[in-house]
Amino acid sequence: MNAETRGRLDHLPQWQALAEHRQELGDTHLRELFATDPGRAERYTLRVGDLHLDYSKHLITDETLRLLRELAEATGVARLRDAMFRGEKINNTEDRAVLHTALRAPRSAAVRVDGKDVVPDVHAVLTKMATFSDRVRSGQWTGHTGRPVRNVVNIGIGGSDLGPAMAYEVLRSYTARDLTFRFVSNVDGADLHEAVRDLDPAETLFIVASKTFTTIETITNASSAREWLLAGLGAGPEAVAKHFVALSTNAAKVAEFGIDTANMFEFWDWVGGRYSYDSAIGLSLMLAIGPDAFREMLAGFHEVDEHFRTAPAEQNAPLLLGLLGIWYNNFHDAQSHAVLPYSHYLSKFTAYLQQLDMESNGKSVDRQGEPVTWQTGPVVWGTPGTNGQHAYYQLLHQGTKVVPADLIGFARPVADLPERFAAHHDLLMANLFAQGQALAFGKTAEEVAAEGVSAELVPHRTFRGNHPTTTILAAELTPSVLGQLVALYEHKVFVQGAVWNIDSFDQWGVELGKVLAKRVEPALTEGTEVPGLDASTAALVARYRELRGR
Ligand code: F6P
């Protein structure tokens with residue numbers, strides 16, 4: 001059965017079987033599941049690369065897992081996965097291959113798109129990036145006035161910002177601490193201003209990252225950055241070549257902007273923006289951590305790619321995580337999914353995953369263009385767990401919503417954390433383990449009453465528990481572990497899109513706003529009438545102009 005012939009997802013017998021199974025399980029509590037199944041904690045763990053996954057605190061039994069795997073089989077997840085790895089054009093609305101996995105394939109691999117092996121091109125760009133990084137990091141690359149680069153400013157948005165910005169934070173302890181890195185994405189001029197206000201233009205390198213090189217926010221910021229640079233240097237356009245490089249698929253637009261295409265690092269239309277930070281889009285990261293650590297990260301990605309491609313369904317971690325998400329999203333009415341890292345360095349990880357997941361699976365028509373009658377991608381949210389505990393965990397523990405969550409932590413603090421700060425680590429991780437425990441098992445009314453709590457306060461101090469979590473644990477946060485984590489989530493998102501029969505690789509939903517913004521802008525600046533503008537927006541535009549004194 002393929003996507004075209006399989007019929008409506010919610011009519012499949014495997015779907016119906018899961019719905020019935022959900023009824024049968026009812027409110028079965030994790031307390032009961034653990035009490036009646038002593039092998040559960042051991043059985044429901046997986047190892048992928050350096051990642052240890054505990055999924056025993058999920059509202060599942062062996063039967064649930066069996067039925068979920070049957071759904072994956074009936075919906076052709078493995079077939080679509082194999083087609084992706086082979087370079088077939090599975091992004092059907094854009095007629096493109098989906099080959100971020102080729103970005104981390106070893107030199108010895110061969111991956112063909114339209115008959116051409118793309119692996120040599122991938123490695124040629126990596127080598128060019130490495131040479132450039134070495135020159136900048138060693139001070140050999142100098143700016144217009146002959147001074148070495150001390151500051152690197154990445155200008156990009158969405159996939160051309162979130163990945164490198166997130167990974168830079170994650171791998172801070174691996175970065176060249178003598179260089180300053182800034183990431184500018186917002187078209188609000190304040191973003192660029194705050195990024196450059198204390199920098200010396202003579203020592204600043206701008207990386208303009210844009211797959212299309214037409215994204216209005218990025219081109220606007222890049223143009224203003226060029227003005228800032230030339231004004232600061234008191235130089236003409238000849239200074240641009242030493243201070244601007246581009247990461248793009250669009251050489252013509254890069255040249256039009258005035259960046260020498262010799263200083264362009266290429267990638268390809270088979271790399272989706274949100275899957276691109278291990279391509280040339282990662283140049284700022286490579287400058288920060290160096291080519292060797294970047295390659296270690298790629299090896300981590302590749303390890304999980306290989307696991308996803310080859311591991312049997314029972315032990316396939318991205319498959320499992322994807323299916324667990326479907327269990328809650330489609331059979332427990334969960335609307336969201338929380339990702340709660342117990343690591344300060346992962347503070348931008350969830351924001352990165354928001355684009356990865358929500359831009360991929362926020363779809364309401366299937367691959368054939370028919371409206372779906374089942375829920376698709378969840379709202380993904382979260383911040384570092386300990387901070388969340390003092391903010392929104394109240395809702396997780398005692399609210400009315402089903403919020404499956406991932407708790408991510410590391411056994412050791414990063415190597416360069418001074419001992420006096422590293423001593424916090426056990427307390428940090430104790431919080432992770434305590435939260436997983438409290439969410440799963442709660443505290444019964446009897447337990448609360450036994451502590452002598454007055455009868456009227458007992459309901460307020462009772463914790464229902466039964467909130468599902470996955471715990472992801474690794475020894476240490478290394479470049480390789482970061483690659484493994486990101487690939488794990490990439491493939492989880494893939495699995496869900498495959499089951500839901502949606503194209504996870506287009507993003508038409510972002511287009512309308514872009515078109516309307518272009519149409520509205522002259523109304524703000526010139527007062528031009530916008531044909532067909534609705535009454536509410538027209539009144540807001542008029543009020544805006546008044547407040548702007550126009
Ligand atoms: O607006 C969404 C989007 O197209 C993302 O998918 C992409 O990552 C981002 O814009 C940036 O696009 P570009 O790299 O072409 O500037």
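Annotations for the structure displayed:
- There is no residue in the stretch 437-459 that is surrounded by 21 or more Cβ atoms within 10 Å (Cβ to Cβ), among the aromatic types (F, W, Y) and assigned to a helix (DSSP H, G or I).
- Residue within the stretch 259-270 that is surrounded by fewer than 18 Cβ atoms within 10 Å (Cβ to Cβ), under 29 Å from the mean Cα position of the chain (by Cα) and outside any helix (DSSP H, G or I) present: yes
- On the stretch given as the stretch 196-226, residues that are away from the ligand (no atom under 16 Å from the Cβ) and either out of contact with any helix residue (DSSP H, G or I) (no Cβ under 7 Å at 6 or more places or on another chain) or in contact (Cβ under 8 Å) with a residue 60 or more places away in the chain (or both) total 7.
- Only one entry in D269, D357, D278 is within 29 Å of Y44 (Cβ to Cβ), within 16 Å of the ligand (Cβ to nearest atom) and of a type in the set (D, E), namely D357.
- All positions within the stretch 99-144 that are under 18 Å from H307 (Cα atoms), crowded, with 19+ Cβ neighbours inside 10 Å and not basic (K, R): L99, H100, T101, A102, L103, A105, V111
- Output for the stretch 320-349, where each listed residue is over 17 Å from the mean Cα position of the chain (by Cα) and part of a helix (DSSP H, G or I): L320, L323, L324, I326, W327, Y328, N329, N330, F331
- Selection count, the stretch 204-227, where residues are in a helix (DSSP H, G or I), surrounded by fewer than 18 Cβ atoms within 10 Å (Cβ to Cβ) and not small (G, A, S): 3
- Residue check for V149: among the hydrophobic types (A, V, I, L, M, F, W, C), touching a residue at least 12 places away in the same chain (Cβ under 8 Å), surrounded by 22 or more Cβ atoms within 10 Å (Cβ to Cβ) and closer than 27 Å to L230 by Cβ: yes
- The numbered conditions (1) in a helix (DSSP H, G or I); (2) more than 16 Å from the ligand (Cβ to nearest atom) are all true for D191 except (2).
- Top-ranked residue in the stretch 359-411 [being in a strand (DSSP E or B), out of contact with any Leu (no Cβ under 7 Å at 6 or more places or on another chain) and of a type in the set (A, V, I, L, M, F, W, C); ranked as nearest to Y328 (Cα to Cα)]: V379
- In the set (1) more than 16 Å from the ligand (Cβ to nearest atom); (2) more than 30 Å from L71 (Cα to Cα); (3) assigned to a helix (DSSP H, G or I); (4) not polar (S, T, N, Q), A252 fails one condition alone, (1).
- When A405 is tested against the conditions (1) surrounded by 19 or more Cβ atoms within 10 Å (Cβ to Cβ); (2) among the aliphatic types (A, V, I, L, M); (3) free of Cβ contacts under 8 Å to residues at least 24 places away in the same chain, the lone failure is (3).
- Given (1) in a helix (DSSP H, G or I); (2) farther than 29 Å from T373 by Cα; (3) charged (D, E, K, R), number of the condition E73 does not satisfy: (2)
- Only one entry in G232, G146 is assigned to a loop (DSSP other than H, G, I, E, B) and either among the charged types (D, E, K, R) or away from the ligand (no atom under 16 Å from the Cβ) (or both), namely G146.
- Hey, V499 within 13 Å of the ligand (Cβ to nearest atom) and aliphatic (A, V, I, L, M) or not: no
- The stretch 346-374 residues that are at positive phi, paired with ones that are within 16 Å of the ligand (Cβ to nearest atom) and not aliphatic (A, V, I, L, M) (beta carbon under 9 Å, 6 or more apart): G369/T93
- Scan the stretch 154-182 for residues that are within 27 Å of A239 (Cα to Cα), surrounded by fewer than 24 Cβ atoms within 10 Å (Cβ to Cβ) and within 16 Å of the ligand (Cβ to nearest atom) and the total you get is 2.
Every read-out reported here was derived from the displayed coordinates using simple, explicitly stated rules and does not represent laboratory data. Quantities reported herein were computed from a predicted structural model and do not represent experimental measurements. FYI the Cβ positions are ideal-geometry reconstructions off the backbone, even for glycines, and counts take in every protein chain you see.
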